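Right, one structure below, let's go through it.
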Amino acid sequence: DFSKAMSQAGTSQFQEVIRQELEYSMKVELDKILATASSNDLEHTKKDLEGFKKLFHRFLQEKGPSVDWGKIQRPPEDSIQPYEKIKARGLPDNIASVLNKLVVVKLNGGLGTSMGCKGPKSLIGVRNENTFLDLTVQQIEHLNKSYNTDVPLVLMNSFNTDDDTKKILQKYSHSHVKIYTFNQSRYPRINKETLLPIAKDVSYSGENTECWYPPGHGDIYASFYNSGLLDNLIAEGKEYIFVSNIDNLGATVDLYILNHLMNPPNGKRCEFVMEVTNKTRADVKGGTLTQYENKLRLVEIAQVPRAHVDEFKSVSKFKIFNTNNLWIALSAIKRLQEKNAIDMEIIVNPKTLDGGLNVIQLETAVGAAIKSFENSLGINVPRSRFLPVKTTSDLLLVMSNLYSLNAGSLTMSEKREFPTVPLVKLGSSFTKVQDYLRRFESIPDMLELDHLTVSGDVTFGKNVSLKGTVIIIANHGDRIDIPAGALLENKIVSGNLRILDH
């Protein structure tokens, strides 16, 4: 046993030496990169690289999945409240004074590349020519006009989306919404083999675009604080931010949740509220809220030891998942940021660059910080508050007559008999937005649709109706044109179908 203990001690000593060498090499490389910054860029490049260094240090310290499965417990009953209970409290007469304490923050760092679009994802048209950003501005403008309030919109951009977003913001200069932006940090990608940055200097255009990345939305706390905007908003009397992904069309300002935060029934305010919703089969990989060491904690699938992944995906054991709609106290962000006390697990995101080089990105997620805040709460909200548009299959749903649009908000049509959304799977011919738009002469009537699968070279004519379960499969080399005015109800269409005008 003694020799075993000695060899273990030797191994850990050896690992410690390697860790120190890696950190030293990283510091040397980062200093070289910093030396190439212009005097204008020096200050914020320094802040970015300092933040990265801290993250890299933690990455070298941590081992494997960061949760001990044995410590995971179901959250106590009162730590996740049903939305109905919060809504039942009603609204006070002075809701405007409560609204004036709120800031809406949208996470706007993502590009539309997964949907075949260049530029920020928020500028993709989703409904009647309106983009995600248009709908967001319309929602807040409607709120400000209805209650005579001054709720500002803050966009967290990344270096990928900042220029294009700022150009487009000019078109809202006459809207009844103050719009502010700040930028996420810019971190260097790391060569997977050497664990050193692939960037040689600070530039991030041309050949160097692949050398840098925005480090996930967990970066919001540091970059919001570093931008000075957090302090400015606190000075204006703002108290809470409502944070959500800009591509979640269900994430609108909810007055009942806001009132619950500002006027808590027990007199003790929550610093952090996470909206969760019930899992369906489509959401088994979503992060879930658990009780861990007497704190609410978000557990993501990447942190789960391999032997327990199936248990984690079980809809009966873990019934809810995180929508990434979060309500957070500004004063708490400031306090924790100044104490360097926001603890978020590191997500190691492997990527292969165009030239074939394997790199890793170190990222964090905004919701993972829930355990660092006092008196956190989960609220189990209706599914309608989670309507993300990640693919053209999602886009088809929000463009269809399943939803009606009112003042920037989408609501499920009253004509739909089931409150659930149909399951839509469009094949690879529909992945890019421009291909998807070319294949629909008009968006089909989907009010009575349960399930749609489309694969291969398929196009839809005008005024098609889809009901029940519809499966359309064009095999390789075949083409299927669904004629104008067609009604497909519980149908499987395969082979070759072309109806030509003579």
TODO: Summarise the long-distance tail of P(r) for region 74-204 by giving the % of C-alpha pairs beyond 18 Å.
DONE: 68 percent
Open item on the list: I need the peptides 94-100, 490-496 ranked by packing, meaning the mean over residues of other C-beta atoms within 10 angstrom, with the highest value on top.
Closed with: 94-100, 490-496
Open item on the list: Nothing charged except the Cβ atoms of Lys and Arg (+1) and of Asp and Glu (-1): what's the magnitude of the dipole of the chain about its Cα centre? Round to the nearest 20 debye.
Closed with: 600 debye
- [ ] Take the alpha-carbon positions of region 11-73, form their convex hull, and give its projected area averaged over all directions (one quarter of the hull surface) in nm².
- [x] 6.2 nm²
TODO: Could you work out the Kirkwood radius for region 1-143, taking every pair of different alpha carbons, averaging 1/r and inverting it, reported in Å?
DONE: 22.3 Å
- [ ] Could I get the Rg over Rh figure for the chain? Both from C-alpha atoms, Rh via Kirkwood, rounded to two places.
- [x] 0.99
Task: Span from the region 283-352 Cα centroid across to the region 27-64 one, whole angstrom - done: 26 Å
Task: region 392-494, accessible area per residue, ligands and nucleic acids excluded (1.4 Å, Å²) - done: 49 Å²
TODO: Using only the alpha carbons of region 392-494, determine the length spanned along each of the three principal axes and report them from longest to shortest in whole angstroms.
DONE: 43, 28, 22
Task: Whole-percent carbon and sulfur share, accessible surface of region 313-431, 1.4 Å - done: 51 percent
Open item on the list: If I stretch the segment between N130 and K415 completely, what's the gain in nm (0.36 nm per residue apart, minus their alpha carbon distance), one decimal?
Closed with: 100.3 nm
Open item on the list: Can you work out the Karplus-derived ³J(HN,Hα) for every residue in region 268-278? Use 6.51 cos²θ - 1.76 cosθ + 1.60 with θ = phi - 60°, whole Hz, and x for glycine or proline.
Closed with: 10, 6, 7, 8, 8, 10, 10, 7, 10, 9, 5
Task: Accessible area per residue, Å², region 69-385 with all protein chains present, probe 1.4 Å - done: 43 Å²
TODO: Can you figure out the FRET efficiency of T209 with K54, using R₀ = 25 Å and their beta-carbon distance, to the nearest 0.05?
DONE: 0.50
Open item on the list: Over all directions, how big on average is the projection of the convex hull of the alpha-carbon atoms in region 109-172, in square nanometres?
Closed with: 4.7 nm²
Open item on the list: 7 Å from Cα along Cα→Cβ at both V315 and H451: what's the point-to-point distance in nm?
Closed with: 1.2 nm
Open item on the list: List the residues, sorted by chain then number, that are 5 or more residues from Y187 or on another chain and whose placed amide H is less than 5 Å from its amide H.
Closed with: Y213
Task: From phi via Karplus (6.51, -1.76, 1.60), per-residue ³J(HN,Hα) for region 303-317 in Hz, x at Gly/Pro - done: 8, 7, x, 3, 5, 10, 4, 5, 5, 4, 6, 5, 6, 7, 7
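The values are calculated or read from the model by the stated rules, or taken from the named source; none is laboratory data. In this text the structure is predicted, and so the values were computed from the model without any measurement. Here Cβ is always computed from backbone atoms with ideal geometry, including for glycine, and neighbour counts include all displayed protein chains. Just the protein is used for accessible areas: all its heavy atoms, side chains included, with ligands, DNA and RNA removed. Shrake-Rupley method; radii C 1.70, N 1.55, O 1.52, S 1.80 Å.
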